[in-house]
Amino acid sequence: MAQATTEGAGRRKPALTDLSVGGFALLADMPGARSFTPGQVRRWVLQRGARDFDAMTDLGKGLRTALSEHWSVRGGTLLRRHESIDGTVGLVTRLHDGEIIESVVIPEAERRTLCLSSQVGCAVGCVFCASGIGGMVRNLSAGEIVEQVLTARDESGDEPITNFVFMGSGEPTHNLSAVVSAIETMNSPDGLGIGARRITVSTVGHPASVRRLAQVPIPFNLALSVHAPTDAAREQLMPGLGRSDLGETLKAARDRFDASGRRITVEAVVLDGVNDRDEDGHAFADLLTGLPVMVNLIPWNPVDDLDLRAPRAERVEALRSILQQSGVEVTVRRPRGQDVGVACGQLRRRALDPSDEEEEQRR
Ligand code: SAH
Ligand code: SF4
């Protein structure tokens, strides 16, 4: 396990990234601050990507010293960067307490997507997912989520990231207040200025959580991890979900669509022999026909130590075709980053594996 950062033996300094856009106002009370100081610092942190106070060259030296005595700019440090031959980049970050998280940048023809984590680990423990294997460790703070965006921007050079999806480790609705605060900072013109349409929250979709997400007045996209067409099958695949109620979940999603006009993405990880038979395809079609959804079939990305098999390509194609023939819009996700294991949750496991550390050092 990585060691905690050394921000003095005593109290840890809070990170500026944890302030809301409006929260930077409290910096007006720092010795040497002027009325415009909060805005200046906010722009340095969120828009110009400063990583330390020395970079903030238009702030007086005294003010920079005072700020650095009370605050750190960011709480985490980029530990490792894995680049796949297909251009997918995995970013492994060490948090202030030594915990490790991952985010992934996925380049495609027309866009670059950043996959964000919302928790260290995950309590849902889906049988196919690496993130849930060690259980839930802790929630990320809003700043730890925002920093994933800042770090990915640092690492992306001239290629801007266009899309932001909460599909890394963690269940966003189990850490809703931090996720919503981070989205506010991401979306605000005084923050990162990212359009709501470029942000997607993926959730296991408890009806009550979908309703709470629908109340957030930012029209980000919603993705529901459905995976199987029946409640019983979902409960088996997603053991920490509790009781599945697909009917209510889809109703809550439909209500959000009626209010926002944003179509819902339905995700289904496809597993060989589990949910890839024709009858599964027909059951999915019966469930979803007529709803304002777009189905994303995700061929399972193999995870070490899990006794499951990726689906055969022709089975994925059969499901796609059954859904399409029923009038349901459907896409198949191409696997990315497999050579460096950047599927959901895999990087963090690799980063925690000491044999991987040795392997890194030999390179
Ligand atoms: N907890 C949320 C968001 C993070 S997971 C959720 O489950 O929706 C984001 C997506 O990645 C989910 O649809 C999940 O099922 C999928 N996923 C997880 N592990 C995967 C794997 N090994 N291969 C392919 N998709 C995976
Ligand atoms: Fe958690 Fe999502 Fe992984 Fe399931 S798929 S264990 S909900 S992160």
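The values are calculated or read from the model by the stated rules, or taken from the named source; none is laboratory data. The structure presented is a predicted model; accordingly, all values stated were derived computationally and were not measured. Every residue, glycine as well, gets a Cβ built from its backbone with ideal geometry; the counts of neighbours run over all protein chains shown.
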If I go through region 274-299 residue by residue, how many of them are free of Cβ contacts under 8 Å to residues at least 40 places away in the same chain and among the charged types (D, E, K, R)? 2
Inspect region 154-169 for any residue being of a type outside the set (A, V, I, L, M, F, W, C), under 25 Å from Gly98 (Cα atoms) and within 15 Å of the chain's Cα centre (by Cα) and give the result as yes or no. yes
Condition first: closer than 15 Å to Pro172 by Cα and more than 7 Å from ligand 1 (Cβ to nearest atom). Now tell me which residues in region 110-130 satisfy that. Cys115, Leu116, Ser117, Ser118, Gln119, Val120, Gly121, Ala123, Gly125
Name the residues in region 172-206 that are under 23 Å from Met294 (Cβ atoms) and within 15 Å of ligand 1 (Cβ to nearest atom), would you? Pro172, Thr173, Val179, Ile183, Ile199, Thr200, Val201, Ser202, Thr203, Val204, Gly205, His206
When the residues of region 63-110 are narrowed to those that are of a type in the set (Lys, Arg) and buried (at least 16 other Cβ atoms within 10 Å of the Cβ), which ends up modelled with the lowest pLDDT? Arg80
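Residues checked against (1) more than 22 Å from Thr249 (Cβ to Cβ); (2) within 11 Å of ligand 2 (Cβ to nearest atom); (3) at pLDDT 95 or above; (4) surrounded by 21 or more Cβ atoms within 10 Å (Cβ to Cβ):
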position: Ile161; (1), (2), (3), (4): yes, no, yes, no
position: Val165; (1), (2), (3), (4): no, no, yes, no
position: Asn175; (1), (2), (3), (4): no, no, yes, yes
position: Val179; (1), (2), (3), (4): no, no, yes, yes
position: Met186; (1), (2), (3), (4): yes, no, yes, yes
How many residues are more than 14 Å from ligand 1 (Cβ to nearest atom) and either in contact with a strand residue (DSSP E or B) (Cβ under 7 Å, 6 or more places away or on another chain) or of a type in the set (Gly, Ala, Ser) (or both) when one looks only at region 148-159? 7
For region 215-235, name all the residues that are more than 13 Å from ligand 2 (Cβ to nearest atom) and either out of contact with any Lys or Arg (no Cβ under 9 Å at 6 or more places or on another chain) or outside the structural domain of Thr203 (by TED's automatic domain parsing) (or both). Gln215, Val216, Pro217, Ile218, Pro229, Thr230, Ala232, Ala233
Among (1) more than 22 Å from Asp158 (Cβ to Cβ); (2) assigned by TED's automatic domain parsing to the domain that holds Ser202; (3) touching a strand residue (DSSP E or B) at 6+ places or on another chain (Cβ under 8 Å), there is one condition Leu114 misses while meeting the rest; what is its number? (1)
Take the residues of region 236-259 that are loosely packed, with under 15 Cβ neighbours inside 10 Å and within 16 Å of Cys122 (Cβ to Cβ): which is modelled with the lowest pLDDT? Gly242
